[in-house]
Amino acid sequence: MSDDLEVQQRKLRMRKILEEVRNMRGMGTELVSVIIPPERMIHDVRQQLSQEAGQAANIKSKSTKKHVTDAIESAISTLNRYKTPGDRGIALFVGHVIVGNNKTRLVSIVVDDPPEPFTSFRYRCDSTFEASQLEDMLIDRTAYGLFVIDRSESAYGLASGKRMHCQEHITSQVPSKHGRGGQSAQRFERLIEEAAHNFFKKSAERACAYWLPMIEDLKGIIIGGPGATKDFVVKNDYFHHEIRKLIREPHFDVGYSNDSGLRELVQRAGGLMDQIELDAERNLVDSFLKEVMQAHPKATYGEMMVRAALDQGAVAMLLLSEGLNKRRVTWFCRRCSHEWETTQNKRTDIPNCPECETDDIREVPDKTLDLIDELSILAGHTSAKVTLISLDTEEGDTLYGSFGGIAAMLRYAWT
């Protein structure tokens with residue numbers, strides 16, 4: 001597996017964990033976050049956690065005291081499995097999270113393969129988990145500002161790596177027509193132009209306020225829109241002088257001035273955005289869509305067909321959607337000792353044994369993998385390339401929604 005793919009997969013796992021952790025809440029200050037950088041000794045962290053467990057005995061609320069103690073003891077038990085934090089460190093998120101109906105359950109989430117090293121030690125006990133260092137790791141430092149505008153609406157955002165983000169969509173109150181004649185015509189025309197000026201100023205100022213804090217990481221600003229308004233806004237200095245230096249030529253004609261316009265702008269400006277991967281993955285999915293429509297296609301899709309193609313070494317490139325949240329689980333039957341694999345959507349979906357039909361089965365954790373990781377390993381056996389496709393393009397949405405998020409370009413026509 002290539003280093004780039006491994007980093008992408010680590011970032012994807014981190015993103016899924018971050019989404020999960022962000023949504024977790026505790027009844028009180030009873031969720032424990034522990035971030036251990038590579039240079040920190042595991043022994044020292046265990047010792048500090050033992051001291052924190054002793055101090056937890058002073059908590060007045062019995063339930064909070066029990067939950068905090070449970071979380072710290074679980075964290076210590078997890079750390080006992082590690083001799084060192086490794087090259088990039090370890091993060092633990094442990095505690096009783098709310099699951100509804102005034103009930104909680106103990107969860108323990110471990111991050112021991114982050115995409116980048118953790119920078120500092122953190123211990124925090126709060127009603128939410130401390131995940132700021134995880135968020136920092138997912139910031140792509142190669143970014144372009146995006147801005148689309150016409151007289152009726154505008155939108156601005158950011159394209160970085162494989163992500164396209166629309167920060168805000170603004171609608172204007174600029175009248176498009178007026179029916180007055182005579183002496184009123186000039187006055188109404190002046191009022192319309194004044195409203196347009198205020199709208200252009202507001203749109204540019206909000207976009208600049210969003211971009212300025214990250215200006216060191218911006219490679220350029222790409223401008224687009226349906227008509228001549230985009231050129232007027234640039235020429236008449238509505239943008240901050242530091243942002244104006246980053247505006248790239250040419251400006252692009254796009255059909256809309258909303259989030260759809262931003263997506264189209266990324267497609268049209270692919271040549272300018274040399275560090276952005278969105279255009280490359282869009283072309284990959286386009287190639288797959290064209291090939292799969294042929295009479296004898298060198299492409300296939302769906303988990304079953306792609307697995308069969310991988311087994312026969314027919315896959316040249318495997319396309320996997322980042323939206324895939326499935327796992328490849330190995331099960332073991334306690335009654336008849338049968339072992340088998342299934343693809344699982346939810347952790348609560350537990351099948352019966354296919355041999356003896358009992359429900360007395362257990363998951364084998366050491367043989368269970370995220371589906372993306374498992375298929376990537378299979379692809380590596382026959383030197384097939386693997387590309388992760390984001391959901392930030394229409395093509396990425398199509399791959400996930402219409403083809404199940406699993407597709408392959410083949411070395412030869414295969415059925």
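Read the figures in this text as sums done on the coordinates, not as results from a lab. Note that this is a predicted model, so its numbers are computed, not measured. A quick note on method: Cβ atoms are made from the backbone with ideal geometry, for glycine too, and the neighbour counts reach across all protein chains shown.
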_Looking at E39, E135, E116, E130 in this structure, which one is buried (at least 17 other Cβ atoms within 10 Å of the Cβ) and of a type outside the set (A, V, I, L, M, F, W, C)?_
E130
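Each row is one residue, and each column tells you yes or no for (1) surrounded by fewer than 20 Cβ atoms within 10 Å (Cβ to Cβ); (2) of a type in the set (G, A, S).
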site	(1), (2)
A295	yes, yes
G302	yes, yes
A309	no, yes
G313	yes, yes
M317	yes, no
C336	yes, no
*Consider T29 carefully, then state whether it is in contact with a helix residue (DSSP H, G or I) (Cβ under 9 Å, 6 or more places away or on another chain), surrounded by fewer than 19 Cβ atoms within 10 Å (Cβ to Cβ) and closer than 19 Å to S132 by Cβ.*
yes
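Tell me the helices (runs of 4 or more DSSP H) entirely within the stretch 200-271 that contain at least 3 residues that are touching a helix residue (DSSP H, G or I) at 6+ places or on another chain (Cβ under 7 Å).
Numbers: elements: 229-235, 241-244, 259-268.
By residue number, 259-268.
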*Please find, within the stretch 344-366, the residue that is farthest from S376 (Cα to Cα) out of those that are within 34 Å of the chain's Cα centre (by Cα) and crowded, with 16+ Cβ neighbours inside 10 Å.*
I361
